[in-house]
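Working notes, structure below.
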Amino acid sequence: MTTLTAGVAGAGGVATETPVPPGRRGAGGWRYAVLAVLGLYFLVPIAASVWFTVRDRGQGGLTARHYTGIPGAEGFAEAFTRSLALAGLTVVLALLLMLPTVVLVNLRLPRLRMTVELLTLMPLVLPPIALVVGVRSVLAWAPDYFLDTPLAEAFFAIQEPSLPWILVFVYVVLALPFVYRALDAGVRGADLRTLTEAARNLGASWPRVLLSVVLPVLRTSVLNAAFLTLALVLGEFTIANILGYETFPMWILRISGSQPQLSVAVSVLSLLITWVLLLMISALDRRRGTKEAS
């Protein structure tokens, strides 16, 4: 009886608050210190590069002629246009290859998920130098082996210096790990099964489902995959160097000996453009999340 009375009295009473131990003093200060060190680690080299490009050695002042002279620099337009074309073709081919694959694996063939993941990881396991040496060996003997056949003409066509399709094919292979994981993350976060089944029940074909249902849902993932592929192609140097094609990084290397300040200015602008694209994609992702939450 006494226990019951104590229980009833305790039920109507107010429980005493457990004191919360105060956090360590200066914990926030350590976080800011670490962020400051990391910021300096990235910003100091960039600031030094900018200072190197704007310093006028002749008159001792500041100048912006190295930035304003970039569009008219010899070979810049050709190399940059070629790299942009290669990047655009690589993005299109990689998305055409991986978007239906990711959707099919997640909706119809979940047992093949591990196999597809392992296959897309192979470009990370295989060194790019080994890949490009193998490609160069095939390009060396294949035209002679298939002489006087349409296949030999195809091998010559994909090695056209103005637009080397062989680089596009190699870049697609290198971009597969990033494209697959960006798309797979978007598919796992969306209820594609319900949306695709509803579209199919309404009579939509699979191409129509991909264009009208899957692409709008995976817009941010597609943009992330495209951005990663674009950054990969615009910054790739080894494969283009070994195969002997002048892309944007190769042009920067070529002018670095005769015009070092111009080459550094182009590199700084490329980095800034990359950051702007990243911020735009992040802003689009936050905007989409806000709309979905509301």
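The values are calculated or read from the model by the stated rules, or taken from the named source; none is laboratory data. These numbers were taken from a predicted model, which means no experiment stands behind them. When we count neighbours, we look across all protein chains shown, and the Cβ atoms used for this are built from the backbone with ideal geometry, even at glycine. These area figures cover heavy atoms from the full protein model, side chains too; ligands, DNA and RNA do not enter into them. Shrake-Rupley method; radii C 1.70, N 1.55, O 1.52, S 1.80 Å.
So which residues in region 152-168 are at pLDDT 90 or above, touching a helix residue (DSSP H, G or I) at 6+ places or on another chain (Cβ under 8 Å) and open to solvent by 60 Å² or more (accessible area, probe 1.4 Å), if there are any at all? The answer is Trp165, and nothing else. When Thr81 is tested against (1) open to solvent by 40 Å² or more (accessible area, probe 1.4 Å); (2) in a helix (DSSP H, G or I); (3) touching a helix residue (DSSP H, G or I) at 6+ places or on another chain (Cβ under 8 Å), exactly one condition is not met: (3). The set of residues in region 123-146 being open to solvent by less than 100 Å² (accessible area, probe 1.4 Å) and touching a residue at least 12 places away in the same chain (Cβ under 8 Å) consists of Pro123, Pro128, Ile129, Leu131, Val132, Val133, Val135, Leu139, Ala142, Pro143.
Quick grid of which residues meet (1) of a type outside the set (A, V, I, L, M, F, W, C); (2) assigned to a helix (DSSP H, G or I); (3) in contact (Cβ under 8 Å) with a residue 12 or more places away in the chain; (4) surrounded by 14 or more Cβ atoms within 10 Å (Cβ to Cβ):
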site: Gly39; (1), (2), (3), (4): yes, yes, no, no
site: Gly72; (1), (2), (3), (4): yes, no, no, no
site: Ala87; (1), (2), (3), (4): no, yes, yes, yes
site: Leu95; (1), (2), (3), (4): no, yes, yes, yes
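What do you reckon, is Val213 open to solvent by less than 20 Å² (accessible area, probe 1.4 Å) and over 30 Å from Glu160 (Cα atoms)? Considered against the rule, which asks whether it is open to solvent by less than 20 Å² (accessible area, probe 1.4 Å) and over 30 Å from Glu160 (Cα atoms), Val213 comes out as no. Total residues in region 98-117 satisfying the condition of being in contact with a helix residue (DSSP H, G or I) (Cβ under 7 Å, 6 or more places away or on another chain) and either of a type in the set (Val, Ile, Thr) or open to solvent by 60 Å² or more (accessible area, probe 1.4 Å) (or both): the figure is 6.
Of the helices (runs of 4 or more DSSP H) lying entirely inside region 185-260, those containing at least 2 residues that are in contact (Cβ under 8 Å) with a residue 60 or more places away in the chain and out of contact with any Cys (no Cβ under 8 Å at 6 or more places or on another chain) span 192-201, 219-235, 238-243, 248-256. Contact map, region 47-63: residues that are exposed (fewer than 11 other Cβ atoms within 10 Å of the Cβ) paired with residues that are not in a loop (DSSP other than H, G, I, E, B), Cβ distance under 6 Å, separation 6+ or inter-chain. Pairs shown: Leu62/Val54.
Between Thr149, Thr120, Thr196, the distinction of being over 25 Å from the mean Cα position of the chain (by Cα), of a type in the set (Ser, Thr, Tyr) and surrounded by 14 or more Cβ atoms within 10 Å (Cβ to Cβ) belongs to Thr196 only.
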